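Nothing in this text is a laboratory measurement; each read-out follows from the coordinates by a stated rule. Model, not experiment: these values are computed from the prediction. Note that we place each Cβ from the backbone using ideal geometry, even for glycine, and neighbour counts take in every protein chain shown.
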Amino acid sequence: MGNEFEEFRKGYEKAAKYYNLFASNEDIPFYLSFANEFGSPVLDLAAGTGRVSFELARKGFDVFAVENSSAMLAVFREELAKQESSITNRISLHDADMRNFSLGRKFPLIIIPTSFGHALATEEQLALLRCVHDHLADSGIFILDLFPGGRQPEYASFEEPPVDIDGGRTVSRSGIMKSDPLKQILSINLTFTIRDGHTGTVLEEINQKSGAAVVFKREADLLLMLSNLECVEEFGDFSKTPYSSDSGRRILVIRKKE
């Protein structure tokens, strides 16, 4: 699928161990609120290093986590090995592709935090949504977190402050983002810089290229329709503010069509 996008598929393979240090956790209370309403088990697609999965498990929910990045899985398993049995017994980790998986059961709640765009081609997005449909309970909810296509920058750069890590070192993250309007791809070039925490000397630089599909509103709506899914509510942020054209996120609450 989508061989033209192969250069964007490596994601965080070189820097997975630093992923959680720069991830926002503003979405955690949002997902917990839906887990409280719809219950276990929760299917966490593109679960990464387990950022959301672990929080759900700590609150008493059973989680099926699906991830196929070897580097992300390694970090997830390392963290899982540190947890008490009360947590590990609630998490079922699956090395599987979010675009093509079969777990043999239905879920009352399916989530895909921030990662839908990593299905880069239209056929991949449809395959993912059809897998969701097959695994969603008839009365269940699927939460789809999108970055609105019309709000993505043609060009942007950023630099984040350093974070302390082991051995008296720090790591900082900077990046450049560019949108390709023809391919509808946002390319992301990230640099992780590891420094001596005392002298500021650069010890290592890790350069990572990845990409995400730029998905516009009508396109997302059409993808849902073709997958026999429908949006029943949408928010513009994780505080559940109604979605508008000025929103920085489009968070869809989705059901199966009757």
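Taking only the alpha carbons of the chain, what extent do you get along each of the three principal axes, in Å, biggest first?
Largest first, the chain extends 62, 49, 36 Å along its Cα principal axes.
Normalise the Debye intensity by I(0) for the stretch 54-150, one equal point scatterer per Cα, no solvent, then take log10 at q = 0.13, 0.16, 0.20, 0.21 Å⁻¹ and round to two decimals.
-0.50, -0.76, -1.14, -1.22
Top mean-square fluctuation among Leu182, Leu190, Leu32, Gaussian network model of the chain, C-alpha springs under 10 Å?
Its mean-square fluctuation being the largest, the pick is Leu182.
Reported to two decimal places, what Rg/Rh ratio describes the stretch 191-230 when computed on Cα atoms with Rh from the Kirkwood expression?
Ratio of gyration radius to Kirkwood radius for the stretch 191-230: 1.50.
What would the Debye equation give as log₁₀ I(q)/I(0) for the stretch 150-213 at q = 0.11, 0.12, 0.23, 0.25 Å⁻¹, counting only Cα atoms as equal point scatterers?
-0.33, -0.38, -0.88, -0.97
Tell me, what is a quarter of the convex hull surface for the C-alpha atoms of the stretch 6-103, in nm² with one decimal?
Computed as one quarter of the Cα hull surface, the answer is 6.6 nm².
Rank by packing, highest mean first: peptides 14-21, 203-210, 124-131, with packing defined as the count of other Cβ atoms within 10 Å averaged across residues.
In decreasing order of mean packing, 14-21, 203-210, 124-131 become 124-131, 14-21, 203-210.
Lysines within cross-link reach of Lys240: Cα-Cα under 28 Å, excluding same-chain residues under 8 positions apart?
Filter leaves Lys59, Lys106, Lys217, Lys256, Lys257.
Report for the chain the percent antiparallel among DSSP-assigned beta bridges with both residues inside it, nearest 5.
Once the DSSP bridges in the chain are tallied, antiparallel ones form about 70 percent.
Which of Val214, Val171, Val66 moves the most in a Gaussian network model of the chain with Cα springs under 10 Å?
Val171
Can you tally the net charge around Asp196? Count Lys and Arg as +1, Asp and Glu as -1, for every other residue whose Cβ sits under 11 Å from the Cβ of Asp196.
Taking every Cβ under 11 Å from that of Asp196, the sum is +1.
Taking H as built 1.01 Å from N, whose amide H comes closer than 5 Å to the amide H of Val42, not counting residues under 5 places away?
Long-range HN contacts for Val42: Asp62, Val63, Phe64.
Based on other C-beta atoms within 10 Å, arrange His133, His198 from fewest to most.
His198, His133
Comparing Pro41, Pro242, Pro108, which has the greatest mean-square fluctuation in the GNM of the chain with Cα pairs linked when under 10 Å apart?
Judging by the Gaussian network model, the answer is Pro242.
Equivalent ellipsoid semi-axes for the stretch 105-240, as square roots of 5 times the alpha carbon gyration tensor eigenvalues: give them largest first, rounded to whole Å.
After diagonalising the Cα gyration tensor, the semi-axes are 36, 19, 13 Å.
Mean residue ellipticity at 222 nm from the helices of the chain, using -39,500 (n - 2.57) per DSSP H segment of n ≥ 4 over the full residue count, to the nearest 500 deg cm²/dmol?
After summing the helix terms and dividing by the residues of the chain, the value is -7000 deg cm²/dmol.
Give the Rg/Rh ratio for the stretch 114-182, taking Rg as the radius of gyration of the Cα atoms and Rh as the Kirkwood radius, to two decimals.
1.14
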